[in-house]
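S.K.: After the structure tokens below, expect a handful of questions from me.
The values are calculated or read from the model by the stated rules, or taken from the named source; none is laboratory data. Keep in mind that this is a model prediction, so the values were computed, not measured. Cβ placement follows ideal geometry from the backbone for every residue including glycine, while neighbour counts extend to all protein chains displayed. Note: areas computed on protein heavy atoms with side chains; ligands, DNA, RNA excluded. Shrake-Rupley method; radii C 1.70, N 1.55, O 1.52, S 1.80 Å.
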Amino acid sequence: MIGEDSSRVTATAGAANSITHSDTSVNARPLKILYAAGLSQNDSSLYRLWALERLGHKIVPLNAYEYMPRNALLGKVTMRLAAGLSVNRLNGDLIRIAEREKPDVVWTDKLLFMQPKTLEKLRAMGIVTVSYMIDNPFGTRSDPGWRLYMKDIPFYDLHVVQRDANIADYKARGARDVIKIQTAYEPAIHFPPPAGWTDANRDREVSFIGTPYDQRGEFLTRLWKEFGFPVTVSGGLVWKQHLSEEASAAMYRGDGELFRDAYREGIWKSKINLSFLTHSNKDEFAHKSFEIAACEGFLLAERSDGHAQRFGEDEEAVFFSTIEECVEKIRRYLPDEAARSRIAAAGRIRAERSGYHNDRQVGLIVQRVRAIIPVVKTAAG
């Protein structure tokens, strides 16, 4: 485990006590997993590590952040090129740890620094390699750092992706196996407010907590300026580049990015929680939507097939396709606390019942991995 959260997992096991674990191979032995990812207190990769531990597996963590250069400029170059001494050191250490620990699986979570030769060595050792990728290397967002990862695609034994379109994308690049798993909430972090929580406890009317991808700044500005809604925005300082000075003064809450307890409480304190798709990432649903629902927040999400398949419209969540429809829904629900409370409670129940949490989604990956292990071990001789 990472730092202080080694006790957090044990302490919060009860937070997931209503969740059915999904690694349903009850009689199968626990797996030993070398888990390589950027691991900080604010990373969803850490939450998936917790889920693996809750499912009973033995985790050997490797924190990729420890391999980033301390010099900011060198760090940017390393991230963009995915090359250099730091990348070589990470790959060398990973092989040495694998030789020492003899894991069943090397699981990477949005790790862009793996080298194809490392993946080849791991497979020759009979170790299954898994890449969990929450982002879209085939999207239009033009994020840096994909150069080496794209070369890795044929060498992983299993790719875990978030979008139907990515299955074809990865297979066209030579992927051995691809599985789609939705993003999920973390039950140790995302849970409902205390009993008796009402609008008296909410100081955010129309709320968005997140990043200014696509045209979110323009959309939220129109909600505030053109339609007169009290909008509150929380997120990194990059928001100031996407809002006018006037809009920033009116909407942006200068408490920076919200993580963990502060993020959950931000949802609790919001009468209406907005959730947008990241179109530049070709997303089918928003990770945030499952977190809002798990926190029993009222969810007003951008309409998509992915959202509609996962929540009953106007029963477990409310959707919009245009700003005009969003305005209509805000006018309908902002003054109606009873309707918001009813829909939010139903959304939480749906999220729990349908397994929109890490234990369920990570468990599905482990099931797929168990089927691959004997194939890789046989090929390794």
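S.K.: What distance in nm separates the simple spin-label points at Glu265 and Glu226, each placed 7 Å from Cα in the Cβ direction?
M.R.: Placing both labels 7 Å beyond Cα along the Cβ direction yields 3.5 nm.
S.K.: Pairs of alpha-carbon atoms within less than 8 angstrom and 6+ residues apart define the contacts here; what relative contact order does the chain have, in percent? Don't jump to the answer; show the numbers that get you there.
M.R.: Details: 648 pairs, mean separation 70.6, N = 381.
Reported as a whole number, the value is 19 percent.
S.K.: Which whole-angstrom value gives the distance between the alpha carbon centres of the stretch 159-221 and the stretch 77-117?
M.R.: Each part's Cα centre sits 27 Å from the other's.
S.K.: Something else: Using the beta-carbon distance between Thr378 and Arg173 and R0 = 25 Å, what value does 1/(1 + (r/R0)^6) give for FRET efficiency, to the nearest 0.05?
M.R.: Values: r = 25 Å, r/R0 = 0.99.
In this case the efficiency is close to 0.50.
S.K.: Also, I was wondering about something else. Under the rule of -39500 (n - 2.57) per DSSP H run of 4 or more residues, summed and divided by the residues of the chain, what mean residue ellipticity at 222 nm is obtained, to the nearest 500 deg cm²/dmol?
M.R.: Working: 15 runs with 160 residues, N = 381.
Value at 222 nm, helices only, nearest 500: -12500 deg cm²/dmol.
S.K.: Another question, if that's okay. Which of the three applies to the stretch 39-133, rounded, prolate or oblate, going by the alpha-carbon gyration tensor with a ≥ b ≥ c and a/c under 1.5 meaning rounded? It would help to have the intermediate numbers written out before the result.
M.R.: On the way: a/c = 2.13, a/b = 1.25, b/c = 1.70.
It is oblate, given that a/c is not under 1.5 and a/b is not larger than b/c.
S.K.: Can you tell me, using C-alpha contacts under 8 Å and at least 6 residues apart, the relative contact order of the stretch 202-361 as a whole percent?
M.R.: Relative contact order comes out at 21 percent.
S.K.: Could I ask something else about it? Identify all aspartates and glutamates with a Cα-Cα distance to Lys151 below 18 Å; exclude those on the same chain that are fewer than 8 residues away in sequence.
M.R.: Partners found: Asp109, Glu120, Asp135, Asp143, Asp169, Asp177.
S.K.: Bin width 10 Å, origin at 0, all Cα-Cα pairs of the stretch 72-195: what percent of pairs per bin?
M.R.: 12, 39, 31, 14, 3, 0
S.K.: Once the chain is represented by equal point scatterers at the alpha-carbon sites, with solvent omitted, what log10 I(q)/I(0) does the Debye formula produce at q = 0.08, 0.15 Å⁻¹?
M.R.: Evaluating at q = 0.08, 0.15 Å⁻¹ gives log10 I(q)/I(0) of -0.43, -1.40.
S.K.: Carbon and sulfur: what percent of the chain's accessible surface (1.4 Å probe)?
M.R.: Carbon-and-sulfur percentage of accessible area, whole number: 51.
S.K.: Still on this model: Which whole-number percent is the relative contact order of the stretch 300-356 (Cα, under 8 Å, 6+ apart)?
M.R.: Working: 40 pairs, mean separation 20.2, N = 57.
Relative contact order for the stretch 300-356 comes out at 35 percent.
S.K.: Separate question: Using DSSP H assignments, which helices in the chain have an axial alpha-carbon span of 20 Å or above and a mean Kyte-Doolittle hydropathy of -1.0 or higher? Spell out each step's value before the answer.
M.R.: Values: long enough: 85-101 (24 Å, -0.34); 337-353 (24 Å, -0.64); 358-380 (31 Å, 0.42).
Correct list, ordered by number: 85-101, 337-353, 358-380.
S.K.: Now for a different question. If I model a spin label at Glu246 and Glu218 as a point 7 Å from the Cα along the Cα→Cβ vector, what separation in nanometres do I get?
M.R.: Between Glu246 and Glu218, the label points sit 1.7 nm apart.
S.K.: Moving to a separate point now. Would you calculate the separation in nanometres between label points at Val238 and Thr140, each defined as 7 Å from the Cα along the Cα-to-beta-carbon direction?
M.R.: 1.8 nm
S.K.: Moving to a separate point now. Which of the residue pairs Lys58/Lys102; Lys76/Lys288; Lys76/Lys117; Lys102/Lys377 have a Cα-Cα distance greater than 19 Å in the structure shown? Spell out each step's value before the answer.
M.R.: Working: Lys58/Lys102 12 Å; Lys76/Lys288 27 Å; Lys76/Lys117 24 Å; Lys102/Lys377 12 Å.
Over 19 Å Cα-Cα: Lys76/Lys288; Lys76/Lys117.
S.K.: Could I ask something else about it? So, with +1 on the Cβ of K and R and -1 on the Cβ of D and E, and no other charges, what is the size of the charge dipole of the stretch 98-225 about its Cα centre, to the nearest 20 debye?
M.R.: Numbers: 19 positive and 18 negative charges, 81 e Å.
Here the stretch 98-225 has a charge dipole of around 400 debye.
S.K.: Let me ask something else about it. What order do you get for 205-215, 122-132 when each peptide is scored by the mean count of other beta carbon atoms within 10 Å, highest first? Numbers along the way, then the final one.
M.R.: Working: 205-215: 19.8, 122-132: 21.5.
Result, highest mean first: 122-132, 205-215.
S.K.: On full extension of the chain, what length is gained from Ser321 through Lys121, given 0.36 nm per residue of separation minus the C-alpha to C-alpha distance? Walk me through the numbers on the way to the answer.
M.R.: Working: separation 200, 0.36 × 200 = 72.00 nm, distance 4.81 nm.
Stretched out fully, the Ser321 to Lys121 stretch lengthens by 67.2 nm.
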